[in-house]
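Chemist: Mind looking over this structure? Questions follow.
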Amino acid sequence: MTWFNNATLFRLTDAPDAIRLSEALAKRPFQPCMGLDWFSEGWVAPAIHLEEPVFATRGHMLVSLLREDKVLPPAVIRKAVDALVAEIEAKELRKVGRKERLALKDQVTDDLLPRAFAKPSRVPALMAGGWLIADTGSAPRAEALVSKLREALPPFPAALPRTQIVPRTAMTDWLAAGEAPGAFELDEDAVLKDGSENGAEVRVSRINLTSDEIRQHIATGKQATKLGLIWNEKIRFQLTDTLQLKRIQWLGVLQDEASQAGDDRESLFEATFILMSEELGELVEALVEALGGLEDSQARPGAVSTTPAPMPVMSTP
């Protein structure tokens, strides 16, 4: 089990049934890029020792979307087109025009694409406690994962969370006060940006965020768009103004705890997943609370359960 490095959050208004979801994703498996396809994506088992596309235990689920992109650099296409143009001009003693050159580019692309290198990438995601958490710092890739879930099991009601206090305002206030709320503490890195259209941006790293230098930047109107935080002395991460968690570092105490679950692959995988999903879920709930809670439309009574619903365990026999 690989610990998540990033977290893009979605609020689930209804937890999907693990068995139904597994059956739906199994109908949309990953297929490698073929022929003239630029990319291909589909669902795979979350780990090599698993067979089903959904791993579920203790009310937590794990899925994995695999994407394959053809790598065909523009420079390679341009070089091939230039060689073909030179051959035509030398053989036919004429100048190749712009329209013909564009047609040659399409021809070259179609010739090269089936032989192009395919680059794979995965986006794992866990679901628990009313949250979908995707292990990616890319908003488009996270949205693509949710779209594929909706295709497999419509309507799949997941939405970006909206908090009472926007992250940029809260992070700036925390820096101005010299401390973060609750179990959070300021780390040593931040990005501050002027609010004007072409405002200056200041990046600081390995610096005391309670220093006068930081307060001076805030006094001149800059706001925090990214802030390094440590939660409960267990998880270090960067919070962004879009409510993403990036550069997550799981401090030693958690990894030591997971490693004590057993020596075999299956036991270690399950223990790591449970520990990671529970800790990450608690962090997200604490973070939302620090941001004043969710907006009423996402936090109305009965809209979202913050207690994981019981689900069957699904793993390889």
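Chemist: Conditions: (1) under 28 Å from Ala15 (Cβ atoms); (2) over 23 Å from the mean Cα position of the chain (by Cα). Pro154 meets all but one. Number of the miss?
Modeler: Exception for Pro154: condition (2).
Chemist: Let me ask something additional. Right, Glu89: without any contact (Cβ under 8 Å) to a residue 40 or more places away in the chain and either in contact with a Ser or Thr (Cβ under 6 Å, 6 or more places away or on another chain) or outside any loop (DSSP other than H, G, I, E, B) (or both) or not? Walk me through how you get there before you give the answer.
Modeler: Numbers: without any contact (Cβ under 8 Å) to a residue 40 or more places away in the chain: yes; either in contact with a Ser or Thr (Cβ under 6 Å, 6 or more places away or on another chain) or outside any loop (DSSP other than H, G, I, E, B) (or both): yes.
Criteria met by Glu89.
Chemist: Within the bounds of the range 192-212, is there any residue that is among the basic types (Lys, Arg), part of a strand (DSSP E or B) and more than 22 Å from Leu291 (Cβ to Cβ)?
Modeler: Step one: list which residues in the range 192-212 are among the basic types (Lys, Arg), which gives 193, 203, 206.
Remaining after also requiring part of a strand (DSSP E or B): 193, 203.
Remaining after also requiring more than 22 Å from Leu291 (Cβ to Cβ): 203.
So far as the range 192-212 goes, yes, one or more of its residues are among the basic types (Lys, Arg), part of a strand (DSSP E or B) and more than 22 Å from Leu291 (Cβ to Cβ).
Chemist: Where in the range 1-70 are there strands (runs of 3 or more DSSP E), lying fully within it, with 3 or more residues that are surrounded by 17 or more Cβ atoms within 10 Å (Cβ to Cβ) and more than 18 Å from the chain's Cα centre (by Cα)? Full working, then the answer.
Modeler: Details: elements: 8-12, 39-44, 55-57.
Ranges flagged: 55-57.
Chemist: Let me ask something else. Report whether or not Ala183 is in contact with a strand residue (DSSP E or B) (Cβ under 9 Å, 6 or more places away or on another chain), touching a residue at least 24 places away in the same chain (Cβ under 8 Å) and of a type in the set (Gly, Ala, Ser).
Modeler: Values: in contact with a strand residue (DSSP E or B) (Cβ under 9 Å, 6 or more places away or on another chain): yes; touching a residue at least 24 places away in the same chain (Cβ under 8 Å): yes; of a type in the set (Gly, Ala, Ser): yes.
When the stated conditions are applied, Ala183 passes them.
Chemist: Output the qualifying pairs, or none if there are none: Cβ atoms under 6 angstrom, residues six or more apart or on different chains, first residue in the range 105-116 and within 12 Å of Pro74 (Cα to Cα), second residue of a type in the set (Gly, Ala, Ser).
Modeler: Cβ pairs passing all conditions: Val108/Ala80.
Chemist: Of the numbered conditions (1) assigned by TED's automatic domain parsing to the domain that holds Phe39; (2) at pLDDT 95 or above, Ala128 satisfies every one except a single condition; which is it?
Modeler: Failed condition: (2).
Chemist: Assuming Leu209 fulfils every condition listed in (1) under 13 Å from Arg168 (Cβ atoms); (2) out of contact with any His (no Cβ under 9 Å at 6 or more places or on another chain); (3) among the aliphatic types (A, V, I, L, M) apart from one, which condition is it?
Modeler: Of the numbered conditions (1) under 13 Å from Arg168 (Cβ atoms); (2) out of contact with any His (no Cβ under 9 Å at 6 or more places or on another chain); (3) among the aliphatic types (A, V, I, L, M), the odd one out for Leu209 is (1).
The values are calculated or read from the model by the stated rules, or taken from the named source; none is laboratory data. None of the values given here were measured: they were computed from a predicted structure. Don't worry about glycine lacking a Cβ; one is built from the backbone with ideal geometry, like all the others, and counts go over all protein chains shown.
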